[in-house]
1. Positive end of the charge dipole of chain B (Lys, Arg +1 and Asp, Glu -1 on Cβ, about the Cα centre): tell me which of B:14, B:64, B:34 has its Cα farthest that way.
2. Hey, what do the phi angles of region A:38-44 turn into as Karplus ³J(HN,Hα) couplings, whole Hz, using 6.51/-1.76/1.60 and θ = phi - 60°, x for Gly and Pro?
3. Can you give the charge dipole size of chain B about its Cα centre, rounded to the nearest 20 debye, using +1 on the beta carbon of Lys and Arg and -1 on the beta carbon of Asp and Glu?
4. So what J values fall out for region B:10-18 if you push phi through Karplus, 6.51 cos²θ - 1.76 cosθ + 1.60 with θ = phi - 60°, rounded to Hz, Gly and Pro as x?
5. What number do you get for chain B when its Cα radius of gyration is normalised by 2.2 N^0.38 Å, N = residues?
6. Compute the signed sum of charges (Lys and Arg +1, Asp and Glu -1) over the other residues within less than 11 Å, Cβ to Cβ, of residue B:84.
7. Principal axis lengths of region A:58-115 from Cα atoms, whole Å, largest first?
8. How long, wide and thick is the protein assembly as shown, going by the Cα atoms along their three principal axes, in whole angstroms, largest first?
Amino acid sequence: ETGVTQTPRHLVMGMTNKKSLKCEQHLGHNAMYWYKQSAKKPLELMFVYNFKEQTENNSVPSRFSPECPNSSHLFLHLHTLQPEDSALYLCASSQEADRGLNTQYFGPGTRLTVL
Amino acid sequence: QKEVEQNSGPLSVPEGAIASLNCTYSDRVSQSFFWYRQYSGKSPELIMSIYSNGDKEDGRFTAQLNKASQYVSLLIRDSQPSDSATYLCAVMRSQGNLIFGKGTKLSVKP
(Lines give C-alpha, C1' and ligand atoms only; values in the text may rest on other atoms or scores of the structure.)
Protein backbone atom coordinates (compact mmCIF):
# COMPACT_ATOMS: atom_id res chain seq x y z
CA GLU A 1 0.00 0.00 0.00
CA THR A 2 1.74 3.14 -1.21
CA GLY A 3 -0.88 5.70 -0.18
CA VAL A 4 -2.07 6.15 -3.76
CA THR A 5 -5.42 4.63 -4.67
CA GLN A 6 -7.05 4.25 -8.06
CA THR A 7 -10.59 3.38 -9.12
CA PRO A 8 -11.85 1.45 -10.88
CA ARG A 9 -9.24 -1.30 -10.96
CA HIS A 10 -10.68 -2.75 -14.15
CA LEU A 11 -12.74 -1.05 -16.85
CA VAL A 12 -14.19 -2.33 -20.10
CA MET A 13 -15.70 0.27 -22.40
CA GLY A 14 -16.91 0.65 -25.94
CA MET A 15 -15.47 3.18 -28.32
CA THR A 16 -18.47 5.48 -27.94
CA ASN A 17 -18.57 5.44 -24.14
CA LYS A 18 -17.44 8.16 -21.76
CA LYS A 19 -15.79 7.10 -18.55
CA SER A 20 -13.45 8.54 -15.94
CA LEU A 21 -10.52 7.15 -13.97
CA LYS A 22 -9.93 8.43 -10.46
CA CYS A 23 -6.76 8.70 -8.44
CA GLU A 24 -6.36 9.83 -4.84
CA GLN A 25 -3.18 10.21 -2.82
CA HIS A 26 -2.96 10.31 0.96
CA LEU A 27 0.71 11.27 1.18
CA GLY A 28 0.44 15.05 1.32
CA HIS A 29 2.17 15.33 -2.04
CA ASN A 30 1.82 18.26 -4.43
CA ALA A 31 2.48 16.57 -7.76
CA MET A 32 0.44 13.91 -9.52
CA TYR A 33 1.03 12.03 -12.75
CA TRP A 34 -0.77 9.84 -15.27
CA TYR A 35 1.19 7.11 -17.04
CA LYS A 36 0.18 4.58 -19.68
CA GLN A 37 1.72 1.10 -19.72
CA SER A 38 1.17 -0.99 -22.83
CA ALA A 39 2.53 -4.47 -23.43
CA LYS A 40 6.20 -4.52 -24.42
CA LYS A 41 6.54 -0.74 -24.19
CA PRO A 42 8.12 1.43 -21.51
CA LEU A 43 5.92 3.35 -19.13
CA GLU A 44 4.78 6.47 -20.99
CA LEU A 45 4.24 9.73 -19.12
CA MET A 46 0.95 11.34 -20.14
CA PHE A 47 0.27 14.28 -17.85
CA VAL A 48 1.88 16.04 -14.90
CA TYR A 49 0.16 18.31 -12.39
CA ASN A 50 2.18 20.34 -9.90
CA PHE A 51 0.22 22.26 -7.25
CA LYS A 52 -2.95 21.64 -9.33
CA GLU A 53 -1.43 23.20 -12.45
CA GLN A 54 -0.78 21.09 -15.52
CA THR A 55 2.91 21.28 -16.30
CA GLU A 56 3.25 18.52 -18.86
CA ASN A 57 1.10 17.16 -21.66
CA ASN A 58 3.17 14.60 -23.45
CA SER A 59 1.45 14.90 -26.84
CA VAL A 60 -1.54 12.96 -25.59
CA PRO A 61 -4.61 12.76 -27.90
CA SER A 62 -7.53 14.94 -26.87
CA ARG A 63 -9.72 11.89 -26.24
CA PHE A 64 -7.85 11.78 -22.90
CA SER A 65 -8.71 14.75 -20.70
CA PRO A 66 -7.13 15.17 -17.26
CA GLU A 67 -8.57 17.09 -14.34
CA CYS A 68 -6.90 17.97 -11.05
CA PRO A 69 -9.35 19.71 -8.68
CA ASN A 70 -6.89 19.69 -5.77
CA SER A 71 -3.48 18.27 -4.90
CA SER A 72 -4.95 15.02 -3.61
CA HIS A 73 -7.20 14.07 -6.52
CA LEU A 74 -6.58 13.44 -10.18
CA PHE A 75 -8.99 12.30 -12.85
CA LEU A 76 -8.59 11.07 -16.39
CA HIS A 77 -11.70 11.53 -18.49
CA LEU A 78 -12.02 9.18 -21.44
CA HIS A 79 -14.18 9.55 -24.54
CA THR A 80 -14.28 7.96 -28.00
CA LEU A 81 -11.29 5.78 -27.24
CA GLN A 82 -9.72 3.36 -29.68
CA PRO A 83 -8.86 -0.31 -29.11
CA GLU A 84 -5.15 0.61 -29.11
CA ASP A 85 -5.81 2.68 -25.98
CA SER A 86 -6.28 -0.55 -24.05
CA ALA A 87 -3.52 -0.55 -21.42
CA LEU A 88 -2.73 -0.25 -17.73
CA TYR A 89 -3.17 3.36 -16.62
CA LEU A 90 -1.08 4.27 -13.63
CA CYS A 91 -1.30 7.25 -11.35
CA ALA A 92 1.69 8.40 -9.32
CA SER A 93 2.45 11.18 -6.87
CA SER A 94 5.54 12.90 -5.53
CA GLN A 95 6.36 15.77 -3.20
CA GLU A 96 6.80 18.18 -6.10
CA ALA A 97 7.24 17.84 -9.85
CA ASP A 98 10.08 20.24 -10.45
CA ARG A 99 12.73 19.03 -8.05
CA GLY A 100 15.25 16.49 -9.21
CA LEU A 101 15.34 14.49 -6.03
CA ASN A 102 11.66 13.58 -5.92
CA THR A 103 10.52 10.03 -5.70
CA GLN A 104 7.29 8.93 -7.33
CA TYR A 105 4.91 6.45 -5.74
CA PHE A 106 2.48 4.54 -7.90
CA GLY A 107 -1.11 3.51 -7.41
CA PRO A 108 -2.31 0.00 -8.29
CA GLY A 109 -3.45 1.04 -11.77
CA THR A 110 -6.62 0.71 -13.83
CA ARG A 111 -6.63 -2.05 -16.43
CA LEU A 112 -8.59 -0.55 -19.35
CA THR A 113 -9.97 -2.57 -22.22
CA VAL A 114 -11.56 -0.76 -25.16
CA LEU A 115 -13.80 -2.92 -27.32
CA GLN B 1 19.18 6.15 -29.24
CA LYS B 2 16.60 5.35 -26.59
CA GLU B 3 16.75 7.55 -23.50
CA VAL B 4 16.88 4.64 -21.07
CA GLU B 5 17.97 1.20 -22.23
CA GLN B 6 17.70 -2.12 -20.47
CA ASN B 7 18.18 -5.67 -21.63
CA SER B 8 14.64 -7.08 -21.74
CA GLY B 9 15.79 -10.53 -20.67
CA PRO B 10 14.57 -12.82 -19.40
CA LEU B 11 17.48 -13.07 -17.01
CA SER B 12 17.46 -16.42 -15.30
CA VAL B 13 19.49 -17.07 -12.14
CA PRO B 14 19.43 -19.93 -9.62
CA GLU B 15 18.20 -19.34 -6.11
CA GLY B 16 20.94 -17.93 -3.90
CA ALA B 17 22.92 -16.43 -6.77
CA ILE B 18 23.59 -12.77 -7.50
CA ALA B 19 21.36 -11.18 -10.11
CA SER B 20 22.86 -8.25 -11.99
CA LEU B 21 20.57 -5.83 -13.81
CA ASN B 22 21.95 -3.08 -16.02
CA CYS B 23 20.71 0.20 -17.41
CA THR B 24 22.22 2.93 -19.59
CA TYR B 25 20.85 6.40 -20.19
CA SER B 26 21.47 9.08 -22.77
CA ASP B 27 20.88 12.39 -20.94
CA ARG B 28 24.18 13.43 -19.35
CA VAL B 29 22.58 15.98 -17.04
CA SER B 30 20.36 13.41 -15.29
CA GLN B 31 20.91 13.47 -11.53
CA SER B 32 18.42 11.02 -10.03
CA PHE B 33 18.05 7.33 -10.75
CA PHE B 34 15.54 4.78 -9.55
CA TRP B 35 14.91 1.07 -9.65
CA TYR B 36 11.33 -0.16 -9.50
CA ARG B 37 10.12 -3.75 -9.24
CA GLN B 38 6.92 -4.74 -11.01
CA TYR B 39 5.23 -8.06 -10.47
CA SER B 40 3.01 -9.33 -13.25
CA GLY B 41 -0.32 -7.50 -13.21
CA LYS B 42 0.80 -5.12 -10.46
CA SER B 43 2.07 -1.54 -10.37
CA PRO B 44 5.74 -0.52 -10.04
CA GLU B 45 7.13 -0.56 -6.52
CA LEU B 46 10.18 1.53 -5.61
CA ILE B 47 13.21 -0.50 -4.54
CA MET B 48 16.13 1.91 -4.60
CA SER B 49 17.06 5.45 -5.50
CA ILE B 50 20.61 6.66 -6.12
CA TYR B 51 21.94 10.13 -6.78
CA SER B 52 25.74 9.96 -6.33
CA ASN B 53 28.43 7.97 -8.07
CA GLY B 54 29.31 4.73 -6.35
CA ASP B 55 27.36 2.07 -4.53
CA LYS B 56 24.30 2.27 -2.33
CA GLU B 57 23.28 -0.78 -0.34
CA ASP B 58 19.89 -1.63 1.17
CA GLY B 59 19.57 -5.16 2.48
CA ARG B 60 20.10 -7.62 -0.36
CA PHE B 61 19.98 -4.82 -2.96
CA THR B 62 22.91 -2.70 -4.15
CA ALA B 63 22.53 0.08 -6.68
CA GLN B 64 25.62 1.25 -8.55
CA LEU B 65 25.93 4.52 -10.44
CA ASN B 66 28.62 5.68 -12.86
CA LYS B 67 27.66 9.05 -14.31
CA ALA B 68 30.75 9.26 -16.52
CA SER B 69 29.69 6.05 -18.26
CA GLN B 70 25.97 6.91 -17.96
CA TYR B 71 25.37 3.55 -16.39
CA VAL B 72 23.34 2.39 -13.43
CA SER B 73 22.95 -1.16 -12.18
CA LEU B 74 21.12 -3.16 -9.54
CA LEU B 75 22.60 -6.19 -7.82
CA ILE B 76 20.38 -8.60 -5.92
CA ARG B 77 22.31 -10.89 -3.57
CA ASP B 78 21.00 -14.24 -2.39
CA SER B 79 18.26 -14.14 -5.03
CA GLN B 80 14.93 -15.67 -4.02
CA PRO B 81 12.06 -16.95 -6.18
CA SER B 82 10.02 -14.05 -4.77
CA ASP B 83 12.44 -11.68 -6.55
CA SER B 84 11.12 -12.92 -9.89
CA ALA B 85 9.61 -9.82 -11.49
CA THR B 86 10.32 -7.14 -14.06
CA TYR B 87 12.80 -4.51 -12.89
CA LEU B 88 12.36 -1.02 -14.28
CA CYS B 89 15.16 1.51 -14.44
CA ALA B 90 13.99 5.13 -14.31
CA VAL B 91 15.97 8.30 -14.87
CA MET B 92 14.75 11.70 -13.77
CA ARG B 93 15.07 14.61 -16.16
CA SER B 94 16.07 18.00 -14.83
CA GLN B 95 12.44 19.16 -14.76
CA GLY B 96 11.47 16.24 -12.56
CA ASN B 97 9.88 13.86 -15.07
CA LEU B 98 10.80 10.18 -14.97
CA ILE B 99 11.85 8.32 -18.12
CA PHE B 100 11.54 4.57 -17.84
CA GLY B 101 13.30 1.73 -19.59
CA LYS B 102 11.32 -1.22 -20.91
CA GLY B 103 12.40 -3.30 -17.95
CA THR B 104 14.35 -6.52 -17.44
CA LYS B 105 12.42 -9.65 -16.59
CA LEU B 106 14.17 -11.64 -13.85
CA SER B 107 13.43 -15.27 -13.15
CA VAL B 108 14.91 -16.90 -10.04
CA LYS B 109 14.77 -20.67 -10.26
CA PRO B 110 14.44 -22.72 -7.04
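The values are calculated or read from the model by the stated rules, or taken from the named source; none is laboratory data. Quantities reported herein were computed from a predicted structural model and do not represent experimental measurements. Every residue, glycine as well, gets a Cβ built from its backbone with ideal geometry; the counts of neighbours run over all protein chains shown. The area values use the complete protein model at the heavy-atom level, side chains included, leaving out ligands, DNA and RNA. Shrake-Rupley method; radii C 1.70, N 1.55, O 1.52, S 1.80 Å.
1. Of the listed residues, the answer is B:34.
2. Taking θ as phi minus 60°, the curve returns 9, 4, 6, 10, x, 4, 10 Hz for region A:38-44.
3. Working: 12 positive and 10 negative charges, 46 e Å.
Using Cβ point charges on Lys, Arg, Asp and Glu, chain B gives about 220 debye.
4. Once θ is set to phi - 60°, the couplings for region B:10-18 become x, 9, 10, 10, x, 4, x, 7, 8 Hz.
5. Values: Rg = 13.2 Å, N = 110, 2.2 N^0.38 = 13.1 Å.
Rg over 2.2 N^0.38 Å, computed on Cα atoms: 1.01.
6. +1
7. In descending order, the Cα extents are 39, 21, 20 Å.
8. Rounded to whole Å, the extents work out to 50, 37, 35 Å.
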